[in-house]
Amino acid sequence: DTGVSQDPRHKITKRGQNVTFRCDPISEHNRLYWYRQTLGQGPEFLTYFQNEAQLEKSRLLSDRFSAERPKGSFSTLEIQRTEQGDSAMYLCASRPLAGESYNEQFFGPGTRLTVL
Amino acid sequence: AQSVSQHNHHVILSEAASLELGCNYSYGGTVNLFWYVQYPGQHLQLLLKYFSGDPLVKGIKGFEAEFIKSKFSFNLRKPSVQWSDTAEYFCAVNTNAGKSTFGDGTTLTVKP
């Protein structure tokens, strides 16, 4: 399967703990995006990378959130000192810089986070 | 900044009824437009997309959408819905530069 993969698919944690999610984009896709989706809403943009450079961060991304893409391939999203309001589905998407689908984002299955 | 508005939060139809879901966006420049579907317990799937050219685009599963630039709209249509179309539908826009902006979604329930 050459689609976007995310790990883990589900994460349950206690308030105050740190969590880290991983996203593996489609190979050769230069751009990688993180979104958050809460119940009853559409995905909201968090941040995106072009290769290893983080080019934009939403104001939704508080200082407890950090994302990296150290080698321009996979990316991690870490949430420190989790709060119940962080409970959501975290989606990753990737996008090529050229070619027929260069305007399209390809989404992964998401990581569902539940903070108790 | 981009924004997307989906007017119908929940639509209930009987099988074989026609469907039209509204989507309006706000952005001053060139946009790319998308409709995604999310079946219960599954991830986002692309239904159709518009980048340029013919404003009437056809997607998978018999869905189509029409881009009306003067109205900033990209409404989704299907002439005859099936029970299996029960899902949540999201309209989204992005620019050539990057991120997508999504509407809040429309939940479609099709009664058999």
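The values are calculated or read from the model by the stated rules, or taken from the named source; none is laboratory data. What you see is a predicted model, and the numbers here were worked out from it, not measured in a lab. Note: ideal-geometry Cβ built from the backbone for every residue, glycine included; neighbour counts use all protein chains shown. What goes into the accessible areas is simple: the full protein's heavy atoms, side chains included, and nothing from ligands, DNA or RNA. Shrake-Rupley method; radii C 1.70, N 1.55, O 1.52, S 1.80 Å.
Only residues that are open to solvent by less than 10 Å² (accessible area, probe 1.4 Å) and more than 23 Å from A:Tyr102 (Cα to Cα): list them for the range A:18-51, please. Steps first, answer last, please.
Here is the first cut: in the range A:18-51, the residues open to solvent by less than 10 Å² (accessible area, probe 1.4 Å) are A:19, A:21, A:23, A:32-35, A:42-43, A:46-47, A:49.
Answer for the range A:18-51, where residues must be open to solvent by less than 10 Å² (accessible area, probe 1.4 Å) and more than 23 Å from A:Tyr102 (Cα to Cα): A:Val19, A:Phe21.
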Worksheet item: Out of all the residues in the range A:23-40, is one or more modelled with pLDDT of 95 or more, more than 28 Å from B:Gln6 (Cβ to Cβ), assigned to a loop (DSSP other than H, G, I, E, B) and among the polar types (S, T, N, Q)?
Response: no
Worksheet item: For the range B:46-112, which strands (runs of 3 or more DSSP E) that fit wholly inside it have 2 or more residues that are open to solvent by less than 60 Å² (accessible area, probe 1.4 Å) and closer than 14 Å to B:Val31 by Cα?
Response: B:64-68, B:73-78, B:87-94, B:100-102
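Is it the case, given these coordinates, that A:Ser73 is within 13 Å of chain B (Cβ to nearest Cβ), over 10 Å from the mean Cα position of the chain (by Cα) and either modelled with pLDDT under 95 or open to solvent by 60 Å² or more (accessible area, probe 1.4 Å) (or both)?
Values: within 13 Å of chain B (Cβ to nearest Cβ): no; over 10 Å from the mean Cα position of the chain (by Cα): yes; either modelled with pLDDT under 95 or open to solvent by 60 Å² or more (accessible area, probe 1.4 Å) (or both): yes.
Taking the combined requirement at face value, the residue does not satisfy it.
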Fill in: Meets criteria (in a strand (DSSP E or B), under 14 Å from the mean Cα position of the chain (by Cα), farther than 16 Å from A:Thr111 by Cβ and within 12 Å of chain B (Cβ to nearest Cβ)) for A:Tyr48
yes
Worksheet item: Which of the residues spanning the range A:87-116 are closer than 14 Å to A:Pro43 by Cα and either away from chain B (no Cβ under 14 Å) or surrounded by fewer than 13 Cβ atoms within 10 Å (Cβ to Cβ) (or both)?
Response: A:Ser87
Response to the item:
In the range B:16-39, anything surrounded by fewer than 17 Cβ atoms within 10 Å (Cβ to Cβ) and either basic (Lys, Arg) or within 13 Å of chain A (Cβ to nearest Cβ) (or both) is listed as B:Thr30, B:Tyr39
Worksheet item: Being polar (S, T, N, Q), at pLDDT 95 or above and open to solvent by 20 Å² or more (accessible area, probe 1.4 Å), is that true of even one residue in the range A:55-67?
Response: yes
